[in-house]
Amino acid sequence: MHSTSALWLGRLRSGERDRTVRVFTAGPPPTDDDLFEEIDDPFADPAADPWQRAGGPASPTALRGRLGDHALALPLTPSKIIGVGRNFRAHAAELGNEVPTEPLLFFKPPSALTLAGQPIVLPRGYQRIDLEAELVVVIGRSARGVAEADALQHVAGYMLGNDVSCRDLQRSDKQWTRAKGFDTFAPISAFVRLTEPGRVLPLDQVFVTATHGDRRCQRAPLSDMIFGLPALIAYISACMTLKPGDLIFTGTPEGVHPLAPGDHVQIAAEGPFPLAPVASPVV
């Protein structure tokens with residue numbers, strides 16, 4: 001139906017409610033000049049096929065228009081956000097930590113989510129709060145006890161995220177709930193790049209990057225992850241049910257950088273699989 005190659009999912013503020021919309025592009029992330037059309041939320045019904053709902057015909061009465069004429073909202077509302085700690089060897093080493101022998105998991109509350117372009121609000125009284133650039137997996141189909149071989153069948157798509165982390169609290173609390181859980185500590189892309197079930201990304205060609213001010217501080221291929229995407233999904237789903245719209249922050253490479261009020265950071269991806277960047281002022 002469409003000659004373009006990338007399908008993006010987002011939300012717009014229109015009237016008194018947020019509307020789920022889709023955007024087709026030739027590959028790059030959507031811009032203000034791209035056209036959208038409203039669709040039903042692909043993740044609202046756990047029993048439905050999110051790919052069919054996202055790519056199927058839109059209602060004749062659906063809202064349509066130019067993205068730049070509307071304000072953006074968070075693209076989804078996950079029931080939970082799972083983070084993976086120390087999933088890049090060099091990052092574990094830079095903080096003086098051992099490399100885990102199995103995935104090291106933690107939660108970030110959904111209240112930590114904030115949209116690309118919105119500020120990261122730093123709590124005062126702490127000595128070091130870092131940026132962490134990460135690939136974020138978006139679950140499309142409920143996953144419970146899935147095998148690695150089937151894990152990617154449960155992925156709806158991908159985005160980028162910044163796992164903002166307070167090092168003071170990581171050290172003092174041992175548990176990471178407070179360190180990772182402040183409001184605005186999970187900036188994410190404004191659009192999810194949807195993929196067909198089972199698609200394998202060229203991880204050795206896709207680089208996650210972070211720029212602090214004018215300086216690039218993080219850049220590494222996703223193939224440097226200790227535990228790959230299928231292994232992570234299988235490991236997490238052995239413990240808990242992953243629901244449509246849930247997010248997995250998959251770990252950060254070396255080069256994490258402290259944040260201060262007045263800073264500006266951008267998380268981006270390089271390579272043949274574009275993702276919507278996450279730019280954030282810091283206050």
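No lab work stands behind these numbers, since they all come straight from the coordinates. What you are looking at is a predicted structure, and each value in this text was computed from that prediction instead of being measured. Backbone-built Cβ (ideal geometry, glycine too); neighbour counts: all protein chains shown.
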Around VAL99, under 9 Å between beta carbons, what's the net of Lys plus Arg minus Asp minus Glu among the other residues? +1
Cut-off 10 angstrom, C-alpha nodes, Gaussian network model of the chain. Which of VAL256, VAL200, VAL146 fluctuates the most? VAL200
FRET efficiency for VAL99 and SER79 from the Cβ-Cβ distance with R0 = 30 Å, rounded to 0.05, comes out at 0.50
How fast does segment 1-122 diffuse by Stokes-Einstein, in µm²/s, taking the Kirkwood radius from C-alpha pairs at 37 °C and 0.692 mPa s? 191
Rotationally averaged projected area of the chain (alpha carbon convex hull; nm²): 14.7
Contact order relative to length of the chain, as percent, for alpha carbon pairs under 8 angstrom and 6 or more apart: 24
Total formal charge among the other residues, if their Cβ is under 12 angstrom from that of PRO187, Lys/Arg +1 and Asp/Glu -1: -3
Net charge of Cβ neighbours under 15 Å - reference PRO258; Lys, Arg +1; Asp, Glu -1: -2
Calculated FRET value between THR61 and ARG219, using beta carbons and R₀ = 45 Å, to 0.05: 0.50
Please compute the contact order of segment 1-153 in relative form: average sequence separation of alpha-carbon pairs under 8 Å and at least six residues apart, divided by the residue count, as a percent. 18
Within segment 209-224, whose backbone N sits under 15 Å from a point 7 Å along Cα→Cβ of ASP34? none
Please list, in chain and number order, the residues 5+ apart from PHE88 or on another chain whose amide H is under 5 Å from its amide H, with Hs placed from the backbone. ILE226, THR252
Helix-only CD estimate at 222 nm, as mean residue ellipticity for the chain, using -39500 (n - 2.57) per DSSP H run (n ≥ 4): -3000 deg cm²/dmol
Suppose a student asked you for the relative contact order of segment 166-283, using Cα pairs under 8 Å spaced at least 6 residues apart; what percent would you report? 29
Based on the Cα atoms of segment 81-206, what semi-axes does the equivalent ellipsoid have, where each is the square root of 5 times one gyration tensor eigenvalue, given in whole Å with the largest first? 26, 18, 14
